[in-house]
There are 2 protein chains.
Amino acid sequence: MSSGKATEFELIARIRARLTDPDPALLVGVGDDAAVFLPSSGLAQVATTDSLVADRHFHVDWPAADVGHLALAANLSDLAAMGASPRWALLSLTLPEADSDWLDAFLDGFLGLAEASGTHLIGGNLAAGPLNLGVQLIGEVEPDRITRRHGARLGDRVLVTGTLGDAAAALRLGDRAGDHLQQRLRRPQPRLAAGRILAGRVSCMIDISDGLLADLAHLLPEHLGAELELSSLPASAALSQAMPEDDERWRLQLAGGNDYELLLTAAAEHVPELVQALGETGLGLTEIGRIVDREGIECTRPDGSLFKSTRSGWDHFGN
Amino acid sequence: MSSGKATEFELIARIRARLTDPDPALLVGVGDDAAVFLPSSGLAQVATTDSLVADRHFHVDWPAADVGHLALAANLSDLAAMGASPRWALLSLTLPEADSDWLDAFLDGFLGLAEASGTHLIGGNLAAGPLNLGVQLIGEVEPDRITRRHGARLGDRVLVTGTLGDAAAALRLGDRAGDHLQQRLRRPQPRLAAGRILAGRVSCMIDISDGLLADLAHLLPEHLGAELELSSLPASAALSQAMPEDDERWRLQLAGGNDYELLLTAAAEHVPELVQALGETGLGLTEIGRIVDREGIECTRPDGSLFKSTRSGWDHFGN
């Protein structure tokens, strides 16, 4: 069968046929009741899961390869935020029909990013039902480099990798968004190398999926808050060209989400070395504010006035 | 909030509030970008995932606690078939609405079985969308006890734990099915202790989720087949009382699925010691046939006539 309708077992066979990269630590791969692997000596195991739901996290008319890339990228981004390196992936696909063309294209995106990131697909599950794309990842990290969400201290600087707002602008502008913005929405590049460099050298770290303000709120210790300078928010050339630097753009950068950049805090004296270390990999690291002893997040415009954000991020149930 | 609609973060807080059993090997649990744990020295890690889809794997009007139990049981059964012990679980819930009553009841069933089986919930994901309940499990096994699907040899005996057909009879009989059959459908007991006893002592093993014939087919080496004696198929007292021993009942036992028993092959000389070892735990182990040098699976009635099964198990896409 090369296309069209297939049975569950034909789909599984198609997936297995594309797994060509054996790993000596993998004792049992796709096709048994469970996958079995040997963990690396001395390393902690890092596990995460994330699901994409049609019309919530992607549009059903997107190319399936983009959906496959995004499903893995969202999970890799969580490992990056822990300072971990990915090793193994499981894939739980719930599909309305056994469409082998769609699956092949989905795998193009998924396995392309898997190979680029050193991730091996070792198992999963296929079921019939409303489209739901679940990915589970297992990675590894040195116990002394685990980087958590808590640990920010008064006076720490707030920093972010890359640029903010591209994906949200792509959603806002629709067909008027150019290629760069669309790529940032559909093909985000998880910041794995940056996460490895920053791990153990910053006070806390998270990846930005729900939006800068919502994810920064997860980093704030009780009774502490943050001040952000809107003029410091890093913007891509494409975003700067597409939208003027005004409240509408700041709102996308603060609360739009889907950035998949790393957000972190670090002591001020460590900032220069961190910026330099990341710069050597070609990725920007920008100081956007600092931790203060007043609860909440205060955003200041270039003219010194305070910016009120109308939403602080995504509640997935729309409350 | 004690009931009704909640936000995503309130639901996550409800889950966290119920996790009270710390494990020293767990370095980072629910509430960070990923969970982090230390694997046990010298053991291989075993990973599996399975999803329940409404009206495919359960009825939406089932008590949520039964759904929670079943979601974990189906995954534990996969670990049992590898001879592994469960350690860690992730939970990917896609829910149509943030119904905290439903979630609480779901967790009653899920966490009840988790505690009984030594499984710790360490992370997961919540999304809004059509109901989809994904579970990912990580367990551990000694590398020399990993028990796979392949390895059956000519002349091996085919054996099954417990009894077959109860869950399928519960589906068939509906309201006429008694408590025992309903419990076997909604609250299957994964055969973890049996899997540990059998691991490394049998030639291959699988759990029966899709039906005896479909899952036995996964165990057959190329060019070999199996002969089954229908009179040997183990039936519970409840099934025997509900249905006479005839083609209809055999069909349920052969192809109904949802048994979550272990199916295995072993050399004839090892059968008595395996039956005795399992008997000491109170679980039956029944010889139902043997591996022969003729392809396919042949089922013989007590009168010596051949039984033709109209379906060999489930294709989840209904092809």
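Inter-copy label distances for A:L154: 8.1 nm (label point placed 7 Å from Cα along Cα→Cβ; shortest first). Using the rule -39500 (n - 2.57) for each DSSP H run of four or more residues, divided by the residues of chain A, the 222 nm mean residue ellipticity is -9500 deg cm²/dmol.
Can you give me the P(r) profile for the protein assembly as shown? Cα pairs, bins 10 angstrom wide beginning at 0, each as a whole percent. The calculated distribution, bin by bin, is 3, 16, 25, 25, 16, 9, 5, 2, 0, 0.
The phi torsions of the stretch B:283-289, fed into the Karplus equation with coefficients 6.51, -1.76 and 1.60 and a -60° offset, translate into couplings of 10, x, 10, 10, 7, 10, x Hz, rounded to whole numbers, with Gly and Pro shown as x. With neighbours defined as other Cβ atoms within 10 Å of a residue's Cβ, the residues B:D55, A:D156 order from fewest to most as B:D55, A:D156. Summing Lys and Arg as +1 and Asp and Glu as -1 over all other residues whose Cβ lies under 15 Å from the Cβ of B:L121 gives a net charge of -2.
Backbone phi angles across the stretch A:203-208, fed through the Karplus curve with coefficients 6.51, -1.76 and 1.60 (θ = phi - 60°), yield HN-Hα couplings of 7, 6, 7, 8, 9, 8 Hz in residue order; Gly and Pro are listed as x. Relative contact order of chain B, taken over Cα pairs closer than 8 Å and 6 or more residues apart, is 21 percent.
When the label point is put 7 Å from the Cα of A:Q276 along its Cα-to-beta-carbon vector, which residues of the stretch A:143-168 have a backbone N closer than 20 Å? Under 20 Å, as judged by backbone N against the label point of A:Q276, lie A:157-162 of the stretch A:143-168.
Using the Cβ-Cβ distance between B:E227 and A:E269 with R0 set to 60 Å, the FRET efficiency from 1/(1 + (r/R0)^6) comes to roughly 0.20.
A label point on B:E10, set 7 Å along the Cα-to-Cβ line, lies at 4.8 nm from each of its counterparts in the other copies, closest listed first. Compared with the dominant principal axis of the Cα atoms in chain A, helix A:8-17 is inclined by about 70°.
For the stretch A:1-138, relative contact order (Cα pairs under 8 Å, six or more residues apart, normalised by length) works out to 36 percent.
The dipole here belongs to the stretch A:15-89: it is taken about the Cα centre, uses +1 on the Cβ of Lys and Arg and -1 on the Cβ of Asp and Glu, and is about 140 debye. Pair-distance distribution of the stretch A:8-144: all C-alpha pairs, bin width 10 Å, starting at 0; shares per bin in whole percent are 12, 45, 33, 9, 1. Mean partner shielding of peptide A:35-42, defined as the number of other chain Cβ atoms within 10 Å of each residue Cβ, is 6.
With a 10 Å cut-off around each Cβ of A:49-57, the average count of Cβ atoms from other chains is 5. Listing B:L27, B:L254, A:L306 from fewest to most neighbouring C-beta atoms within 10 Å gives A:L306, B:L27, B:L254. Taking 7 Å steps out from each Cα toward its Cβ at A:A25 and A:A193 produces label points 2.1 nm apart. Would you please name the GluC sites (Glu not before Pro) within the stretch A:178-233 that are DSSP coil residues with at most 13 other C-beta atoms within 10 Å of their C-beta? Qualifying residues, ordered by number: A:E222. Distances between equivalent label points of A:G284 across the copies, with each point positioned 7 Å along Cα→Cβ, amount to 7.1 nm, shortest listed first.
A simple spin-label model places the labels of B:L38 and A:S240 4.9 nm from each other, with each point 7 Å out along Cα-to-Cβ. Close amide H partners of B:A127, meaning residues 5 or more places away or on another chain with modelled amide H under 5 Å apart, are B:L93, B:T94, B:L95.
Applied to the stretch B:212-229, the Karplus parametrisation 6.51 cos²θ - 1.76 cosθ + 1.60 on θ = phi - 60° returns per-residue 3J(HN,Hα) values of 3, 5, 5, 7, 4, 4, 5, 8, 7, x, 4, 6, 10, x, 9, 10, 10, 9 Hz, with x for Gly and Pro. Backbone amide hydrogens, once placed in the peptide plane, bring B:H120 within less than 5 Å of B:W88, B:A89, excluding anything fewer than 5 places away on its chain.
No lab work stands behind these numbers, since they all come straight from the coordinates. Source: prediction; values computed, not measured. Backbone-built Cβ (ideal geometry, glycine too); neighbour counts: all protein chains shown.
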